[in-house]
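Engineer: Below you'll find the structure I mean.
The values are calculated or read from the model by the stated rules, or taken from the named source; none is laboratory data. The model shown is predicted, which means the values in this text are computed figures rather than measured ones. Here Cβ is always computed from backbone atoms with ideal geometry, including for glycine, and neighbour counts include all displayed protein chains.
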Amino acid sequence: MNRLRGQGVLMNIAYLKCSLCDAEYRADSVKYVCPKHGNSGLLDVIYDYEKIKSQVSPGRISRSDDFSIWRYWDLLPIENHASVPPLRVGWTPLYRASRLGKQLAIRDLFLKDDGLNPTGSFKDRASAVVVSKAKELGVQVITTASSGNAGAALAGLSASAQIPAVVFVPSTAPEAKVAQLLIYGAHVFLVKGTYDEAFDLCLASSKQYGWYSRNTGYNPYTTEGKKTASLEICEQLSKKSGTSEGWTAPDRIFVSVGDGNILSGIWKGLRDLSALGWIDKIPKLMGVQAEGSAACYNAWKDGTETITPVDAHTIADSISVGLPRDGTRAVRAVRETGGAFVTVSDDEILDAMRKLAREEGIFAEPAGAAGYAGLVRAMNTGIIDGDEEIVVVITGNGLKDVPAAVKAAGKALVIEPKLESVPRI
Ligand SMILES: Cc1ncc(COP(=O)(O)O)c(C=O)c1O
Ligand SMILES: [Zn+2]
């Protein structure tokens, strides 16, 4: 058992705050969104930072032997350790990408491989926290809409915690992701429609049947789970540079954007660390969208936080989102940190998949590689220069979407089992 566990048993949440009107709510008085704003009034979880500082320090966390998101217990919204499912989530590797860094002329390039989470994507972070919260609330059934990965993450973490899960995914979701849902024993609805339609149907079903909703952004604790990636990045960078009493924020972080919740979660983690005084700057956040699914990019370019839905099409199914549910906070994250949005084509995404695999040994699904494709685009178009420390988050494993990998890699040669059939390479 970790030394930090058992400390900070009382939750450190001060209040929940509406991201649209700043209204403040007690954490036990609102379950999902700001009552004044409905589904668009996403809530930020605000902590008692002075209390956290009195409980724990970066140096103490750095000595923790809990190699999961729960090493940040005091900065997370869960009260009881018994609520946490056994499946290990987080503390994914942060690799120095020397070859790709050199090719792009970037001073310090790091790749955080979140495809190594237990169900193969970044979404495990959110599901681990929401399933813990569900356990704490004693809910009978938990549900989510998903383009695939959030559902797989919920299915896996729910199996680990033994809470029934109901998942709504578009019927076009990649086969491997649907197989994951089924093998974990989730109740699966393949919706003949888009992810956006699945989202609305899931919300309506959750209200009708009283199921606890994990829907991205709508449930405030998804963001809290996702923020753990930026806590890890800053702690891991400090370990690499040999400092641990304060942590090290990179200059810039690239991440792919669908609903925008990963991006807003990463921003939230950085703001928490800054409020604690554990980092001395907030990195510029770079949101990467597919050209065919660029609602956040459009809003950012037009200088507005109001998201206009698009008709989404891209090979990167995980970021094929018409109406990003956390778009407003994602656009704000980019604007307030002085970052940018970039778009990438499907061909650039396929190229990024090849590059990541061949140069650094990281096999990513299309949405998982899109962040790197965005970095290439940003360098090639002069949006950034390379004299920086840059982290790209790889958000999903390549085995999630084998047909896309075959599209990127081509097919292997079929031969007779004879030596003369093997040509010299
Ligand atoms: C692999 C992967 N990358 C990126 C994203 C985008 O995350 P968000 O929808 O929170 O922006 C997702 C979401 O499903 C995903 O599964
Ligand atoms: Zn509000």
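Engineer: For the range 218-246, what are the residues that are out of contact with any Pro (no Cβ under 8 Å at 6 or more places or on another chain), assigned to a loop (DSSP other than H, G, I, E, B) and at pLDDT below 95?
Structural biologist: Within the range 218-246, GLY242, THR243 qualify.
Engineer: Let me ask something else. With the requirement that a residue be more than 20 Å from GLY38 (Cβ to Cβ) and of a type in the set (Asp, Glu), what does the range 170-227 give you?
Structural biologist: Once the filter is applied, which keeps residues that are more than 20 Å from GLY38 (Cβ to Cβ) and of a type in the set (Asp, Glu), the range 170-227 yields GLU175, GLU224.
To keep it simple, each residue is scored yes or no on (1) away from ligand 1 (no atom under 16 Å from the Cβ); (2) in contact with an Asp or Glu (Cβ under 7 Å, 6 or more places away or on another chain); (3) under 30 Å from GLN162 (Cβ atoms); (4) touching a residue at least 24 places away in the same chain (Cβ under 8 Å).
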position: SER19; (1), (2), (3), (4): no, yes, no, yes
position: ALA27; (1), (2), (3), (4): yes, no, yes, yes
position: PRO35; (1), (2), (3), (4): yes, no, no, no
position: ILE78; (1), (2), (3), (4): yes, yes, yes, yes
position: ASP108; (1), (2), (3), (4): yes, yes, no, yes
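Engineer: While we're here: Being in contact with a Leu (Cβ under 7 Å, 6 or more places away or on another chain) and surrounded by 24 or more Cβ atoms within 10 Å (Cβ to Cβ), is that true of even one residue in the range 342-356?
Structural biologist: No.
Engineer: With (1) in a helix (DSSP H, G or I); (2) within 17 Å of ARG71 (Cα to Cα) as the list, and ALA275 as the residue in question, which single condition is left unmet?
Structural biologist: Failed condition: (2).
Engineer: On to the next question. Residues that are closer than 21 Å to GLU235 by Cα: which strands (runs of 3 or more DSSP E) entirely in the range 1-117 hold 1 or more of them?
Structural biologist: 43-47, 94-96, 108-113
Engineer: Here's a check for you: in the range 219-236, which residue that is more than 15 Å from SER274 (Cα to Cα) and in contact with a Leu (Cβ under 7 Å, 6 or more places away or on another chain) is surrounded by the fewest Cβ atoms within 10 Å (Cβ to Cβ)?
Structural biologist: So the residue we want is GLN236.
Engineer: When the residues of the range 118-127 are narrowed to those that are assigned to a loop (DSSP other than H, G, I, E, B) and within 9 Å of ligand 1 (Cβ to nearest atom), which ends up nearest to TYR221 (Cα to Cα)?
Structural biologist: By that ranking, first place goes to LYS123.
Engineer: If GLN162 satisfies every condition in (1) within 16 Å of ligand 1 (Cβ to nearest atom); (2) out of contact with any strand residue (DSSP E or B) (no Cβ under 6 Å at 6 or more places or on another chain) but one, which is the exception?
Structural biologist: (1)
Engineer: Looking at (1) under 25 Å from PRO250 (Cβ atoms); (2) free of Cβ contacts under 8 Å to residues at least 24 places away in the same chain, which one does VAL288 not meet, given that it meets all the others?
Structural biologist: (2)
Engineer: How many of the residues making up the range 299-338 are within 16 Å of ligand 2 (Cβ to nearest atom) and not in a helix (DSSP H, G or I)?
Structural biologist: Adding up the residues that qualify gives 4.
Engineer: Here are VAL129, VAL56, VAL141, VAL84: which of them is modelled with pLDDT of 95 or more, in contact with a helix residue (DSSP H, G or I) (Cβ under 9 Å, 6 or more places away or on another chain) and under 22 Å from ALA179 (Cα atoms)?
Structural biologist: Step by step, each of VAL129, VAL56, VAL141, VAL84 is checked, and only VAL141 is modelled with pLDDT of 95 or more, in contact with a helix residue (DSSP H, G or I) (Cβ under 9 Å, 6 or more places away or on another chain) and under 22 Å from ALA179 (Cα atoms).
Engineer: Inspect the range 314-332 for any residue being touching a Phe, Trp or Tyr at 6+ places or on another chain (Cβ under 8 Å), of a type in the set (S, T, N, Q), under 21 Å from ALA152 (Cβ atoms) and surrounded by 20 or more Cβ atoms within 10 Å (Cβ to Cβ) and give the result as yes or no.
Structural biologist: Yes; the residues of the range 314-332 include at least one that is touching a Phe, Trp or Tyr at 6+ places or on another chain (Cβ under 8 Å), of a type in the set (S, T, N, Q), under 21 Å from ALA152 (Cβ atoms) and surrounded by 20 or more Cβ atoms within 10 Å (Cβ to Cβ).
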